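Below: one structure, written as structure tokens.
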């Protein structure tokens, strides 16, 4: 029961209704809102109960991490996420001198990036060269980066196809909730758009799909003004891959950013164009084997 003037309902009347199993609500607006939220709770509970149970799900720890925090270089970060199912380009981490040869092995055009644990925002310092079409262009770009930025190693990757949309999938750590996943519009304008949704871990695919539909960029993924639709299924799978990595590294993961994540046309998947992972590291070593560069934490 709810009424326009709740002050006219005295204590005795409310007690009588409560004893009879009737909820005496206070005010029309408040009462209708309570009914709506009860319905919402019921729907969410039904959906949760219908999901396949996962006995291994536990709340991820909150609080700050102890110890030194170190960043992986882009190659190592991508390989770590690839192991959990995130699609990444078929790149080659090489020395500056071997960049042109790696590009010929991959096939042109290619993208060239500095490979460093300290240069985290490569575009800001001119550490990225795109659409290089010849060995000479690659060699020149690599030598220029080495001279300007003091790096000895670079990452050579095939140019990614034109995406329907650029997304960001990230993990931030909060004192109250522990690791929190963020998914939203990405690329160089991520801070301008501010189109993102935060989700607590662990996740279910239904949570991810619902979050994506709440984004403004969802219109682009649905085929804005006759354009191609984005591969939403692959996007959901990519977000779940990042979530699995976060769950597995819950004790050490400080920050994770996959930006941009290219969403390709429907049926063509997604591609993680860049990735940054920062973790607490007990030890650090640089080793080289078979032409690959590993920075182990």
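Every read-out reported here was derived from the displayed coordinates using simple, explicitly stated rules and does not represent laboratory data. Being a predicted model, the structure only gives us computed values, none of them experimental. Every residue, glycine among them, receives a Cβ derived from its backbone with ideal geometry; neighbour counts consider all protein chains shown.
What the table shows:
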quantity: The range 81-102 versus the range 126-175: alpha-carbon centroid distance in Å; calculated: 11 Å
quantity: Packing rank of 191-200, 36-45, where each peptide gets the mean count of other beta carbons within 10 Å, highest leading; calculated: 191-200, 36-45
quantity: Extension gain, residue 1 back to residue 224 (0.36 nm per residue minus Cα-Cα distance, nm); calculated: 75.7 nm
quantity: Segment residue 210-residue 12, extension gain: residue separation times 0.36 nm, minus the distance between their alpha carbons; calculated: 66.8 nm
quantity: Virtual spin-label span in nm between residue 140 and residue 125, 7 Å along Cα→Cβ; calculated: 2.4 nm
quantity: The range 6-50 shape via C-alpha gyration tensor axes, a/c threshold 1.5; calculated: oblate
quantity: Expected-Rg normalisation [2.2 N^0.38 Å, Cα atoms] applied to the chain; calculated: 1.31
quantity: In nm, spacing of pseudo-spin labels at residue 30 and residue 198 (7 Å Cα→C-beta vector); calculated: 2.9 nm
quantity: Extension reserve of the residue 90-residue 148 stretch, reckoned as 0.36 nm per residue once the Cα distance is removed; calculated: 18.2 nm
